[in-house]
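Step one of this worksheet: look at the structure below.
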Amino acid sequence: MLNDLLDEEIKNIGVTLKTCAFKNDFNALTVDDTIILSNKLKDTAERNSVKAHELGHQYTCPVNLLELEPELQRRFEYLADRWATLKVMPLEKLVSAFRRGIRLRDEFCDFLEISEPFFRRGLDVYSSIYGQRTQYKNYTLSFDPFNIEEL
């Protein structure tokens, strides 16, 4: 399960995971070696998505984002999204889901154990990496609109 894999990685890199109530609309906050999740995250898919993104910050962001100007904040947010996308929805897993008969966006989200907004951001990340489409093994993956075709 993705939840267990993310929790294990968080533990292995020496990061503490906590939950609390935020007064604002933050889903999470990373402070030094602690990831703090909002207690308002409604399900495992949402928590997985937020944890993956915050892990991305652990690997890609050496500074406090709240102290940066907006353009740099956006850049570090993208880097965290990119890391998280490659971690939890690699092309191989997308193709594996397709080979199992999964075709609809919500089915992909269920298979990957992530939220739909995270899935959409992941497709945007892939578009920025590959452009409109890419080939992986014997498949063509299109990102907008999302589609997988066997060659």
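Derivation of every value follows stated rules applied to the coordinates shown; laboratory data play no part. In this text, all values refer to a predicted model and were calculated from it rather than measured experimentally. Cβ: placed from backbone, ideal geometry, glycine included. Neighbour counts: every protein chain shown.
A few comments on the model shown:
- The chain: calculated mean residue ellipticity at 222 nm from DSSP helix runs of at least 4, using -39500 (n - 2.57): -16500 deg cm²/dmol
- Count Lys and Arg as plus one, Asp and Glu as minus one, and take only other residues whose Cβ is under 15 Å from that of GLN58; the net charge is then -3.
- Rounded to the nearest 20 debye, the dipole magnitude of the stretch 90-151 is 160 debye, with +1 charges on Lys and Arg beta carbons, -1 on Asp and Glu beta carbons, and the Cα centre as origin.
- Cβ-placed point charges (K, R +1; D, E -1), dipole of the chain about Cα centre in debye, nearest 20: 240
- Residue-count net charge about TYR136 - beta-carbon cut-off 13 Å; Lys, Arg +1, Asp, Glu -1: +1
- Rh (Kirkwood; distinct C-alpha pairs) - the chain, Å: 16.2
- Trypsin sites (Lys or Arg not before Pro) lying in DSSP loop within the stretch 1-76, provided at most 14 other Cβ fall within 10 Å: LYS23, LYS40, LYS42
- For VAL88, the shell of other residues with beta-carbons less than 14 Å away shows a net charge of -4, using +1 for Lys and Arg and -1 for Asp and Glu.
- Between LEU65 and GLU116, the contour length at 0.36 nm per residue exceeds the Cα-Cα span by 15.9 nm.
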